[in-house]
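What follows is a short report on a single structure.
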Amino acid sequence: MYNRIILVGNLTRDPELRYMPNGGAVCTTGIATNRKFKKQDGSQGEEVCFVDITFFGRTAEVANQYLRRGKKILVEGRLKLDQWTDQNGGKRSKHSVVVDNMQMLDSKNSNDGGGHSQNNTSGGNYNAPQESYKQPAVQQQSDNIPDINIDEDEIPF
């Protein structure tokens with residue numbers, strides 16, 4: 001089976017970093033994605049989706065250090081169903097994303113030096129020793145890329 005999800009959006013809250021008993025880092029936050037569309041009557045509509053996301057290992061520490069509420073990021077990971085029983089005995093559930101890869105999308109002029117990329121190399125086995133951290137590569141911008149004026153309504157997705 002294939003379970004892969006990619007989201008681009010803004011963080012809804014500051015990351016919260018904790019450490020598991022085995023010393024592994026866990027960072028939780030949320031992301032909001034939005035979709036603009038035209039309604040049948042011709043007016044603009046917008047749909048917002050809020051998703052909880054979880055980082056592990058060195059990626060969790062990097063996320064805690066550089067990310068703040070409102071920052072734009074791209075995350076790639078797997079969808080996970082969380083289930084629990086609430087205080088009233090009712091069964092509850094929600095979907096969340098376990099992040100494997102993260103890319104900060106804010107401009108280079110941001111205070112956190114956005115544009116860095118970070119991979120979680122533990123491959124989902126969070127009890128395994130963490131592999132060495134690679135320095136994030138700064139994306140290079142080329143001066144010979146032409147400016148294209150595209151209206152968001154013209155994009156088919």
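Taken together, the values in this text are just the output of simple stated rules run on the coordinates, not laboratory data. Note that the structure is predicted; figures quoted are calculated from it, not measured. In this analysis, Cβ positions are derived from the backbone assuming ideal geometry, glycine residues included, and neighbour counts consider all displayed protein chains.
With a Förster radius of 41 Å, plug the Cβ-Cβ distance of residue 40 and residue 17 into 1/(1 + (r/R0)^6) and report the FRET value to the nearest 0.05. Present the calculation step by step, with values, prior to reporting the outcome.
Values: r = 45 Å, r/R0 = 1.11.
Approximately 0.35, to the nearest 0.05.
Here the 3J(HN,Hα) profile of region 11-25, calculated from phi with Karplus coefficients 6.51, -1.76 and 1.60 at θ = phi - 60°, is 5, 8, 7, 5, x, 10, 9, 9, 10, 6, x, 7, x, x, 7 Hz, Gly and Pro shown as x.
Distances between placed amide hydrogens fall under 5 Å for residue 14 paired with 69, all partners being 5 or more residues away or on another chain.
Scanning residues 5 or more positions from residue 105 or on other chains, those with amide H under 5 Å from its amide H are 72, 73, 74, 115, with H placed 1.01 Å from N in the peptide plane.
Mind checking the full-extension length gain between residue 47 and residue 83? Use 0.36 nm per residue of separation minus the Cα-Cα distance, one decimal, nm. If you can, show how the numbers build up before the last one.
On the way: separation 36, 0.36 × 36 = 12.96 nm, distance 2.53 nm.
Full extension of this stretch gives 10.4 nm more.
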